[in-house]
Each structure stands twice: as C-alpha cells, then as structure tokens.
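> I have a structure here, written as structure tokens, and I will follow up with some questions on it.
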Amino acid sequence: MKGYAMLGIGKTGWIEKERPLCGPLDAIVRPIAVSPCTSDVHTVWEGAIGDRHNMILGHEAVGEVVEVGALVRDFKCGDRVIIPAITPDWGALESQAGYSMHSGGMLAGWKFSNFKDGVFAEFFHVNEADANMAHLPADVDPVAAVMLADMVPTGFHGVELADVQFGDDVCVVGIGPVGLMSVAGAALHGAAQLFAVGSRPVCAEAARRYGATEILNYREGDIVAQVMEKTNGRGVDRVIIAGGDAECTFGEAVKMLKPGGRIGNVNYLGSGENVLIPRAEWGCGMGHKTIAGGLMPGGRLRMEKLAALLQTGRLDTLPLITHRFHGFEHMEEALLLMKNKPRDLIKPVVILD
C-alpha cells in the first residue's frame, strides 16, 4: 500500500509499505475522509516528538472497515466508522485509573503518527476495534464527522479541564479549529461572557457563530489589558488555552484569571523548554489559580456521544472546513495548508473517492 509519510525532520513524501496485519481484537480500515492537523506540522517541521523515519502521518479519519479480527463483536466489513485520534489500550493500569490517553506511558494513547503509522494511507490499523471505533450514523456527513476524530474532542476537553460552569466568564486563547470547538463547548456549558482571542477574520466569524460574545485581537493590544477592561478589572473565571506558546501564553492566562479560577490547556506545545508562570500574578504560588493540561480522551463512547451532537443539531462542524480536496494526490497540498495557514484557512479535508 502507499502512504504519505514523515521521511525525517522537515521531510515528507509518498512511500510504499506492507498492508498492516489485523490482530484478533483489531480492524483494518480504508479511509474515506481524512484531515491533516497542526500537530502533524509540529511533528514534521519542529521535530516535536523526535525524529521519525518513514512514519505514515495523520490521525483524523472516517473510514470503511475492510477486515476485522476474530474476536471483534460489534463491527463487520463494510461498516463506516469514526476513528478517534487517541486509541488507548483499555486494559492498561493507566486506563483503569481513569487516564486512558496515557495507557502504556505519558501520551501513549496517541498512537497514530506518533509511534505507529497513521491514517494517510490506503489502509490503516485500529487496535481494540470494539473500544476504539464508533459507527458513523447514516445521517451524518463523513466530512463533518472527521472533525470528531480530534478537533471536537480536543476543544471540548479544554472546556472540561477548565471546568466551565453556567454563568462563567471565559476566555479562549487561540481560535483555530480546536479553539473554535472550545468556544462551542463553553457555550454549550453555559458560559456568560465568552471572549475569543484571535486575528484571522475567518476564524473570528466562526467564533461568533459558535457563541463568542467578543473577539479580542492580540494584534490590536495586550489581551490581558483587553480582558481586564471588558470585565471592569475582575478578570475571567476560566481560561482555555488552544493556541500560543510556552513562554507568553500561560503568563497571560494567569494574569487574566480570577483567584479561584482554572486554566484548561489543550494546546500542543511543540517547542520551548519551560512553561513560564508569573510568580506575583499566581499569588506567589497561593492564588488558587489552577492550571490543568491534558490530552483528549479517546474511545468509542466519546465518539458516539459527539456524533449524537451532530445528529441533533446541537453542533455543526462544517463551518470548520474551509478547504475540500478529492483524491489522495492532494495530501501534501492539504498538509502544507496547515503549515502555512493562509488567512482563509480553518481546516482542510481530503475526501478519498
């Protein structure tokens, strides 16, 4: 089979590999729609997880099952399925402790395009298929459903980590596709004032559609000062970090947060050695300003619940998709869009006809 791979740091290209083997609990899937992610960019061009050679990229897919293992109960060949970006080992001790995304080690629930070939291939392997795939409902567009693999659960996990409650004032830092889903999730959780920090008009428009009450443009002034002005100096109850860097963003979040507030980080920090926290604004370590960072949960149940939001109209992911391509030959073009981020981009999808 062919796949689009990381050849080494800063290098990508097409390679030929053997079709993956199917274990008794597993499945082999043919992708029907995939999407590149900014974390693919971090992996290839920043070497964020170290050097990888001939590793097929991609972790966002909807596909068709072409083979199942002898012990798979709930799926059969021909089923169309949603595959989350995180596919844990559900029997691991970490999973039993409630942290399945870290099964087998920190971040080890993230297998695709980390230490296992990803989904940008003619076929890909899914471990523990009954637990790590969800049926694609017949009334859900596969293109919309691709956003359920990573963008929606990651953005929503930021809301969970920040513990957004009814009536909270919330600031979402970064309104790429993950941040936009944090805006949508915070609105569903009942946020009152909902500030969205970003500069691209296409993202600002989408953020308003998803429930942002105000857009704060970091190019037009310090975002902490803007938040403080709009909250009469009180700050916000919750901050969700879905963009930015290790050096500045966490300091800004701490500064705009009320005592007793909570920060939820779902931004993948692909570079930098340390996360900088301002001592005084953190209450000299005693301000009850909690910082929580986490990798999105995976698994079938979460996919099914998120698909139900699409079915009932509670969530519409199609505004995230600004660029559509048909055919495998457009994988590189779509990935480079995520790398270069033109101003009209939110998210590309490649449809495999």
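> Can you tell me which residue is farthest from the chain's Cα centre (by Cα) among those in the range 274-296 that are touching a residue at least 40 places away in the same chain (Cβ under 8 Å) and surrounded by fewer than 18 Cβ atoms within 10 Å (Cβ to Cβ)?
Ala292
> Here is a check on your reading of the model: is Asp89 part of a loop (DSSP other than H, G, I, E, B), of a type in the set (Asp, Glu) and either at pLDDT below 95 or buried (at least 19 other Cβ atoms within 10 Å of the Cβ) (or both)?
no
> Kindly evaluate Gly299 against the criterion of being under 20 Å from the mean Cα position of the chain (by Cα) and on the phi > 0 side of the Ramachandran plot.
Answer is yes for this residue.
> Also, quick follow-up: Considering every residue within the range 256-273, establish whether at least one is within 23 Å of Leu216 (Cβ to Cβ), over 19 Å from the mean Cα position of the chain (by Cα) and among the β-branched types (Val, Ile, Thr).
Scanning the range 256-273 turns up no residue that is within 23 Å of Leu216 (Cβ to Cβ), over 19 Å from the mean Cα position of the chain (by Cα) and among the β-branched types (Val, Ile, Thr).
> Restricting to the range 26-43, give me the number of residues that are modelled with pLDDT of 95 or more and either out of contact with any helix residue (DSSP H, G or I) (no Cβ under 7 Å at 6 or more places or on another chain) or part of a strand (DSSP E or B) (or both).
Within the range 26-43, residues that are modelled with pLDDT of 95 or more and either out of contact with any helix residue (DSSP H, G or I) (no Cβ under 7 Å at 6 or more places or on another chain) or part of a strand (DSSP E or B) (or both) number 8.
> Another question about this same structure. Determine which single condition Gly50 fails, assuming it passes every other condition in (1) farther than 16 Å from Met303 by Cα; (2) assigned to a loop (DSSP other than H, G, I, E, B); (3) touching a residue at least 24 places away in the same chain (Cβ under 8 Å).
So Gly50 meets the others, but not (3).
> Looking at Ser103, Ser95, can you tell me which residue is buried (at least 22 other Cβ atoms within 10 Å of the Cβ), over 30 Å from Ala212 (Cα atoms) and either assigned by TED's automatic domain parsing to the domain that holds Val62 or within 20 Å of the chain's Cα centre (by Cα) (or both)?
That would be Ser103, the only listed residue that is buried (at least 22 other Cβ atoms within 10 Å of the Cβ), over 30 Å from Ala212 (Cα atoms) and either assigned by TED's automatic domain parsing to the domain that holds Val62 or within 20 Å of the chain's Cα centre (by Cα) (or both).
> Right, Ser113: surrounded by 18 or more Cβ atoms within 10 Å (Cβ to Cβ), under 29 Å from Ala184 (Cα atoms), hydroxyl-bearing (Ser, Thr, Tyr) and in contact with a Phe, Trp or Tyr (Cβ under 7 Å, 6 or more places away or on another chain) or not?
Here the answer is no, as Ser113 does not meet what is asked.
> Here are some residues: Ala131, Ala196, Ala186. Which one is touching a helix residue (DSSP H, G or I) at 6+ places or on another chain (Cβ under 6 Å), in the same structural domain as His59 (by TED's automatic domain parsing) and of a type in the set (Gly, Ala, Ser)?
None of the others qualify; the one that does is Ala131.
> Related question: Determine which single condition Leu107 fails, assuming it passes every other condition in (1) part of a loop (DSSP other than H, G, I, E, B); (2) farther than 19 Å from Ser39 by Cβ.
(2)
> Out of the residues in the range 198-223 that are small (Gly, Ala, Ser) and outside any loop (DSSP other than H, G, I, E, B), which is farthest from the chain's Cα centre (by Cα)?
Among those that are small (Gly, Ala, Ser) and outside any loop (DSSP other than H, G, I, E, B), it is Ala204.
> Sort out which residues of the range 153-170 are within 15 Å of Leu194 (Cα to Cα), outside any loop (DSSP other than H, G, I, E, B) and within 19 Å of the chain's Cα centre (by Cα), and write them in order of number.
Gly155, Phe156, Gly158, Val159, Ala162
> Then there's this: So the check is Cβ under 8 Å with 6+ separation or different chains; which pairs have a first residue in the range 133-151 that's within 8 Å of Ile82 (Cα to Cα) and a second one that's basic (Lys, Arg)?
Short answer, once both residue conditions are applied: Met133/Arg300; Ala134/Arg300; His135/Arg80; Leu136/Arg80.
> When Asp74 is evaluated against the numbered criteria (1) assigned to a loop (DSSP other than H, G, I, E, B); (2) within 21 Å of Ala144 (Cα to Cα); (3) among the charged types (D, E, K, R), which criterion, by number, is the only one it fails?
Among (1) assigned to a loop (DSSP other than H, G, I, E, B); (2) within 21 Å of Ala144 (Cα to Cα); (3) among the charged types (D, E, K, R), Asp74 violates only (2).
> Spot the failing condition for Ser271; the list is (1) in contact with a His (Cβ under 6 Å, 6 or more places away or on another chain); (2) part of a loop (DSSP other than H, G, I, E, B), and only one is missed.
Condition not satisfied by Ser271: (1).
> Read through the list (1) outside any loop (DSSP other than H, G, I, E, B); (2) within 30 Å of Ala27 (Cβ to Cβ); (3) in contact with a helix residue (DSSP H, G or I) (Cβ under 6 Å, 6 or more places away or on another chain), then give the number of the only condition that Ala292 fails.
It fails just one condition, (2).
> Here are Gly174, Gly167: which of them is surrounded by fewer than 18 Cβ atoms within 10 Å (Cβ to Cβ), of a type in the set (Gly, Ala, Ser) and either touching a strand residue (DSSP E or B) at 6+ places or on another chain (Cβ under 9 Å) or modelled with pLDDT under 95 (or both)?
Exactly one residue qualifies, and that residue is Gly167.
The values are calculated or read from the model by the stated rules, or taken from the named source; none is laboratory data. None of these values were measured; they are calculated from a predicted model. We place every Cβ from the backbone using ideal geometry, glycine too, and count neighbours over all the protein chains shown.
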